[in-house]
Structures are given as C-alpha cells and as structure tokens.
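**Student:** Below you will find the structure I want to go over with you.
The values are calculated or read from the model by the stated rules, or taken from the named source; none is laboratory data. The structure presented is a predicted model; accordingly, all values stated were derived computationally and were not measured. Note that we place each Cβ from the backbone using ideal geometry, even for glycine, and neighbour counts take in every protein chain shown. Protein only, heavy atoms only, side chains kept; ligands, DNA and RNA dropped before computing areas. Shrake-Rupley method; radii C 1.70, N 1.55, O 1.52, S 1.80 Å.
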Amino acid sequence: MRLSRFLLPVLKETPADAQIVSHRLMLRAGLIRQEAAGIYAWLPLGLKVLRKIEQIVREEQNRAGAIEILMPTLQPADLWRESGRYDAYGKEMLRITDRHKRDLLYGPTNEEMVTAIFRNYCKSYKDLPKNLYHIQWKFRDEIRPRFGVMRGREFLMKDAYSFDLDEASARAAYNRMFIAYLNTFARMGLKAVPMRADTGPIGGDLSHEFIILAETGESEVFCDSQLIDMGAPGPEVDFDGDLQPLVDQRTALYAATEEMHDAARFEAETPADRRLSARGIEVGHIFYFGTKYSAPMKAHVTHPDGQDRPVHMGSYGVGVSRLMGAIIEAHHDDNGIIWPEAVAPFGAGIINLKAGDPDTDAACAQAYEALSLAGLEPLLDDTPERPGAKFATMDLIGLPWQLVIGPRGIKEGKVELKRRATAEREELSLADAVARII
Ligand code: ATP
Ligand code: MG
Ligand code: MG
Ligand code: MG
C-alpha cells in the first residue's frame, strides 16, 4: 500500500477525552473513529488489525475442533422468553420492535439461538460432541461505555457453544477451549492468566476468565505470580487426547477474580513473595453450565439406553475487538504502538526520505516489490511530508520494521533498517535489509 493513496488520519494532539493509553493510541494512529458512545467505525489500519486478531482466534478454534457458523445480530425475543432471560437480562439488552410490532433484540450473546439451532438438527448421542462458534458483533447497552473498544456498546465477540452427552464429556470440551484460549492469546503476544470466575447471568458452576494484567484493567485479580510466565502449551497439543493434566497445571496455582477471591485460601496456598494482587483485562471467559438452557428449551438427545435427556452445554467467549486494546496496553512506548508481528497491519514500513527523487523512488519501488513478493505487505510512505513527521508517524502506527531510504544513503549503496520494538538501527545494502525482514 502506498501511503499517498491510503486513509491514515493520524492525530498529532493527544485526544483529551481518552483516559487510557490504548484508547489514545487507537485514536491517534487512526485505527477507529467514534460514531456514538461506545460505537466505533473501524478505519483501514484498525480493520486490518481486527481481521488479523479474528483470524488467529478462528484458526485456534478450528484446531480445537470447533465448527464455524454465523448467526444474525438480531434475534427474536421469543427465543429468550423460552429460556426466561428476556426479562432477566435487564437494561444491557437493546430491544427493538419491527414494523409488525414483533419484539426483537440485538444479541448480547447467543446461548438461546445456538440451542435452537442445535435442537433442530441434533437429536442423538451419535451427533455428539459438537462445538459451534461464530465471530459476530454484539450489542450491550453498557451503562458506562469507556476506554474505547475495551468497553464498547457494539463489539466483536467470538462465542463458541459446546454440546455433550454428559458432564464428563462436557468437561473435556471445556478443557479443549481452555487450552485453545492459552494458545490463541500467546500467538498475539499476550500473557493471559486463567482465573476462577463468577458465572454471572450466564449461569452454571465452572468458569474461568482469561486475564491480561494491566494497570488500566477494570478487574481486580489475585494470583500466584508463577502463572504469569507459564506459557501456552502450543499448537502440538493433541486435542483428541486427555487435556486434564495441562489444565490442572494451570488451575493448581491460586488465581481468582475479585468476585471469587478468598483471601484466607490465597494466603494459605501461595507463598507471600508470589502473592500478586493486580488489575487485569478480561479478554476471554469460558463457562460450563450443564442443562441451564437445554432443559427449558428442550434440547434433548437420545442416549444409548434409549432415554432422552437435555444436552450438557458450555459457552466460550473472546472479546475480539477488546483484544486490540489489550494488545496495545501490553505493547507500546512513548512514541506509539509496537505491534506483535502476528497482528501488525503491515509487515514493514518503507520511508521514502525524498519522494520525487528518481533514484530514491526507484530504490523504494524495489524494496516494495521484494517485500510484497515475500508476502510481507509493506506500507510505503511516498508522501511529500518532511522526514521528522514520517518517522513520528511510522513509530506511532507501530509496524515491526522500518526501512528508511534516502538519496545520501543510496549513493553509498545503503539503507537504514530499524526494528520498532528495540529501536535498533542498522545500515545495510537494500538486498541485505530486505533479507533481514523476510
Ligand atoms: P465485562 O466483565 O468486561 O463486562 P463480561 O463478563 O460481561 O465482560 P462476557 O459475557 O464474559 O463479558 O463476554 C465474553 C467476552 O466479551 C469478555 O470476556 C470480553 O472480552 C468481551 N466483552 C464483554 N463486554 C464487552 C464490551 N462491552 N466491550 C468489548 N468487549 C466486551
Ligand atoms: Mg459485562
Ligand atoms: Mg466479566
Ligand atoms: Mg465475563
């Protein structure tokens, strides 16, 4: 992409109403634009990152055996009357009436709809297990939308729903998502800690939140500090095998959100120097809730003994759009964002220090082509801006590599390569610089 043809509305001033660094940087780097309280348009650079985050989530869901579907954003209220949640959900639900006076709602979550889909097609133990997920916009009329996409009203969520014959197999399904989540967040350069969590209005008795520690996080959390650097199991995990030992490794150490915190237990189980009380961002939340929806909604399956019983369910959410804020909270410096390579909107930036100078333009075109051929979509700053402004913009938008090309260097056969994360600079031939990046 050539910057002269792109839409990158960077802001020089710090937006006054943005309270946390990720929100400020998302506005300054031209990733999002607020359209209404808690409702954002995704600008070109922001959309590229969002799609990359979404794709990592998708790949890890698929690897764990979940099947992608796409349910609508609007849902009939009658479905929610079946489960009893239409009245119980409260003011966070956006209720809509159509021209025929039918009650609809903009989905804040999808347990009811997916249960209706399941019960329509799956009726026997032979159809199990199943895990259906989608990545779709949700709406929750948050009382205090804030911190940009961290607490939006409209936000992108991945939500998966597992269906099993009994509690034991439902727990195996839960474990698959537990491990998939660890791998998902690790691929985005995040250290997510699973913590025992309250089940809230979703219901049920087994639940973990996945928390990224950050001073600006809205949740208060308590955990054994050894969990933070424990790392993810990685893609070689056998999702058909027994994952309980891997889960136990993470759940044996103390980790709980405020609602589940037990100070006496924390002190008894965790040595003083490892007792961490901190703030965190909830990027994912998994639940096992048994037959809470399948019983009232009559999602029954026939067991091998010929009896029909309600299916055992779990649900598994990831805050896809919130993750962008969490990644920035974890990866930035005073100059701007530092994207982990896996989610960077472009693989590298090329800075043309003298646009219009034939030799410089030619060298930039050569670098552009080489990087494009290697599949590392580059962003070429070919604008007539002065160098200082170009450097500042490139640092702000946080691409992993910067290739700086100007007439003086070209005379000596050199370009400058800068690594955004470390600010290390090197003078190299163009060919060596390209080879270093790819
Ligand atoms: P929170 O405690 O932050 O209000 P929640 O517990 O209500 O979140 P869940 O119902 O568990 O949210 O939804 C699954 C995931 O969706 C959350 O873990 C979070 O990452 C994301 N999420 C929830 N609400 C929002 C929101 N208003 N804006 C952005 N992401 C959200
Ligand atoms: Mg909430
Ligand atoms: Mg929560
Ligand atoms: Mg939650």
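**Student:** For the stretch 1-80, what log10 I(q)/I(0) values come out of the Debye formula at q = 0.16, 0.19, 0.20, 0.21 1/Å, with one point per alpha carbon and no solvent?
**Tutor:** -0.84, -0.96, -0.99, -1.02
**Student:** Could you provide, to the nearest whole Å², the per residue accessible area of the chain with probe 1.4 Å?
**Tutor:** Per-residue value: 45 Å².
**Student:** With every protein chain kept in the model, how would you rank MET157, MET313 by accessible area, 1.4 Å probe, largest at the top?
**Tutor:** Largest accessible area first, the residues go MET157, MET313.
**Student:** Would the stretch 62-152 count as rounded, prolate or oblate if I go by the C-alpha gyration tensor, calling it rounded below 1.5 in a/c and otherwise prolate when a/b exceeds b/c, oblate otherwise?
**Tutor:** Working: a/c = 2.36, a/b = 1.36, b/c = 1.73.
Oblate, because a/c is 1.5 or more while a/b does not exceed b/c.
**Student:** Could you please put TYR288, TYR89 in sequence from largest to smallest accessible area, using a 1.4 Å probe?
**Tutor:** TYR89, TYR288
**Student:** Please list the equivalent ellipsoid semi-axes of the stretch 347-438, computed as the square roots of five times the alpha-carbon gyration tensor eigenvalues, in descending order and whole angstrom.
**Tutor:** 16, 16, 13
**Student:** For the stretch 177-252, what log10 I(q)/I(0) values come out of the Debye formula at q = 0.11, 0.12 1/Å, with one point per alpha carbon and no solvent?
**Tutor:** -0.30, -0.35
**Student:** Over the chain, what percent of the accessible surface lies on carbon and sulfur atoms, probe 1.4 Å?
**Tutor:** Here carbon and sulfur together make up 49 percent of the probe-accessible area.
**Student:** May I ask you to list the aspartates and glutamates whose Cα is less than 14 Å away from that of LYS411, ignoring any residue fewer than eight positions away on the same chain?
**Tutor:** Candidates past the 8-residue exclusion: ASP357, ASP359, ASP361, GLU427.
**Student:** Where Lys and Arg each count +1 and Asp and Glu each count -1, what net charge lies around TYR125 among other residues with Cβ under 11 Å from its Cβ?
**Tutor:** Numbers: positive: LYS123, LYS126, ARG309; negative: ASP127, ASP164, ASP166, ASP305, ASP308.
Result for the neighbourhood of TYR125: -2.
**Student:** Could you tell me the distance between the Cα centroids of the stretch 284-313 and the stretch 211-243, to the nearest Å?
**Tutor:** Comparing the Cα centres of the stretch 284-313 and the stretch 211-243, I get a distance of 29 Å.
**Student:** Sum up the charges of everything whose Cβ sits under 9 Å from the Cβ of HIS303, counting Lys and Arg as +1 and Asp and Glu as -1, but leave HIS303 out.
**Tutor:** -2
**Student:** With only alpha-carbon pairs counted, each pair once and no self-pairs, how large is the Kirkwood hydrodynamic radius of the stretch 285-424 in angstroms?
**Tutor:** Result for the stretch 285-424 stands at 18.7 Å.
**Student:** Find the Cα radius of gyration of the stretch 262-360, compare it with 2.2 N^0.38 Å by division, and give the number to two decimals. Write out the running numbers ahead of the final one.
**Tutor:** Numbers: Rg = 25.5 Å, N = 99, 2.2 N^0.38 = 12.6 Å.
Computed over Cα atoms of the stretch 262-360, the ratio equals 2.02.
**Student:** Mind checking which aspartates and glutamates have their C-alpha under 12 Å from LYS126, skipping anything on the same chain fewer than 8 residues away?
**Tutor:** The reachable aspartates and glutamates, counting only those whose Cα sits under 12 Å from LYS126, are ASP164.
**Student:** Filter LYS390/LYS414; LYS91/LYS123; LYS91/LYS158; LYS101/LYS292; LYS48/LYS91 down to the pairs with a C-alpha to C-alpha distance above 24 Å, please.
**Tutor:** Over 24 Å Cα-Cα: LYS91/LYS123; LYS101/LYS292; LYS48/LYS91.
**Student:** A follow-up question, please. For n ≥ 4 DSSP H runs only, could you compute -39500 (n - 2.57) per run for the chain, divide by its residues and tell me the 222 nm figure to the nearest 500?
**Tutor:** Mean residue ellipticity at 222 nm (helix-derived): -9500 deg cm²/dmol.
**Student:** Over the alpha-carbon set of the stretch 322-385, divide Rg by the Kirkwood Rh and report the Rg/Rh ratio to two decimals.
**Tutor:** 1.08
**Student:** Next question, about the same structure. Using only alpha-carbon positions, what ratio does the radius of gyration of the chain give when scaled by 2.2 N^0.38 Å?
**Tutor:** Cα Rg divided by the expected 2.2 N^0.38 Å: 1.10.
**Student:** Still on this model: Could you work out, for the stretch 115-167, what percent of all Cα-Cα pairs fall into each 10 Å distance bin, beginning at 0 Å and stopping at the bin that holds the largest distance?
**Tutor:** 20, 35, 22, 19, 4
**Student:** Something else now. In bins 10 Å wide, starting from 0, what share of all Cα pairs of the stretch 102-209 does each bin hold, as a percent?
**Tutor:** Binned Cα distances yield the sequence 11, 35, 38, 14, 1.
**Student:** To continue, here is another question. GluC sites (Glu not before Pro), restricted to the stretch 368-438: which are DSSP loop and have at most 13 other Cβ atoms within 10 Å?
**Tutor:** Values: sites: GLU369, GLU385, GLU412, GLU416, GLU424, GLU426, GLU427; in loops: GLU385, GLU412, GLU424.
Those satisfying the criteria are GLU412, GLU424.
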